[in-house]
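Visitor: Below: one structure in structure tokens.
The values are calculated or read from the model by the stated rules, or taken from the named source; none is laboratory data. Bear in mind that the values here come from a model prediction, so they are computed numbers and not experimental data. Here Cβ is always computed from backbone atoms with ideal geometry, including for glycine, and neighbour counts include all displayed protein chains. Calculation scope for accessible area: heavy atoms of the full protein, side chains included, ligands and nucleic acids excluded. Shrake-Rupley method; radii C 1.70, N 1.55, O 1.52, S 1.80 Å.
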Amino acid sequence: TKTFRQSFETAMSARPDFIDGFEWDEANEGDYLQPSVYNSFTIQRLCRSYMDSIKGREPTPSDGDDTSVPNLVVSHRRILSLGERLDVEILNIPDGAWKSPLEVQLVLKNADGKTVKTFDRTSMDPAKLADVTFSVPTEDFPDEILLRPCVKVRDAKGAESLFEDGLPCVILRATWNINRKCVKTP
């Protein structure tokens with residue numbers, strides 16, 4: 001989401017009348033840069049957040065959102081070769097439903113469900129559009145074929161939730177990889 005956010009914020013600094021974005025499959029048509037978009041409504045959520053800010057509106061949850069779950073997006077490359085760095089971004093998109101600070105923690109599990117890496121907890125302000133990115137070199141996992149990201153979220157009252165089912169895994173290849181796409185999962 002960093003590339004989209006930086007591009008959008010740069011475009012908005014020029015005070016444009018409109019912004020002409022790209023469609024998702026331009027890379028295969030050969031007439032635009034390959035977007036790093038995989039699925040979901042992440043970009044829609046970001047555009048909504050930016051428009052709320054631009055128009056001076058208070059953020060609100062999207063229709064159908066479960067407001068008991070913070071509006072976080074987990075992003076990472078889908079396939080990596082050993083030697084590449086794994087960056088897992090957790091982005092908070094303010095929606096007004098959460099007021100108290102959150103603590104987020106990333107845990108990486110292998111194909112068998114065994115924890116292979118646990119990152120330190122970090123605090124996030126649910127009122128701010130901001131991210132935290134956890135990084136680790138893939139060569140730390142030479143015996144693994146995939147890594148499953150799991151996100152632990154602790155609220156201000158100490159209640160903890162674990163989000164792991166439904167998050168795409170990171171496939172690790174020993175050699176080449178031409179897939180540069182990122183998955184973004186709200």
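Visitor: Checking the condition touching a His at 6+ places or on another chain (Cβ under 7 Å), open to solvent by less than 50 Å² (accessible area, probe 1.4 Å) and either touching a residue at least 60 places away in the same chain (Cβ under 8 Å) or in a strand (DSSP E or B) (or both), which residue from Val136, Val183, Val132 passes?
Guide: Val183
Visitor: Further question: Take the conditions without any contact (Cβ under 8 Å) to a residue 24 or more places away in the chain and surrounded by fewer than 18 Cβ atoms within 10 Å (Cβ to Cβ) and apply them to Leu162. Does it pass? Let's see the steps before the verdict.
Guide: Values: without any contact (Cβ under 8 Å) to a residue 24 or more places away in the chain: yes; surrounded by fewer than 18 Cβ atoms within 10 Å (Cβ to Cβ): yes.
Spelling it out, Leu162 is indeed without any contact (Cβ under 8 Å) to a residue 24 or more places away in the chain and surrounded by fewer than 18 Cβ atoms within 10 Å (Cβ to Cβ).
Visitor: Quick one: in region 43-70, which of the residues that are touching a strand residue (DSSP E or B) at 6+ places or on another chain (Cβ under 9 Å) and within 18 Å of Met12 (Cβ to Cβ) is surrounded by the fewest Cβ atoms within 10 Å (Cβ to Cβ)?
Guide: Across region 43-70, the extreme among qualifying residues is Ile43.
Visitor: Would you point out which residue out of Val73, Val116, Val104, Val88 is open to solvent by less than 50 Å² (accessible area, probe 1.4 Å) and more than 19 Å from the chain's Cα centre (by Cα)? It would help to see each step written out before you state the result.
Guide: Numbers: Val73 fails: more than 19 Å from the chain's Cα centre (by Cα); Val104 fails: more than 19 Å from the chain's Cα centre (by Cα); Val88 fails: more than 19 Å from the chain's Cα centre (by Cα).
Answer to the check: Val116.
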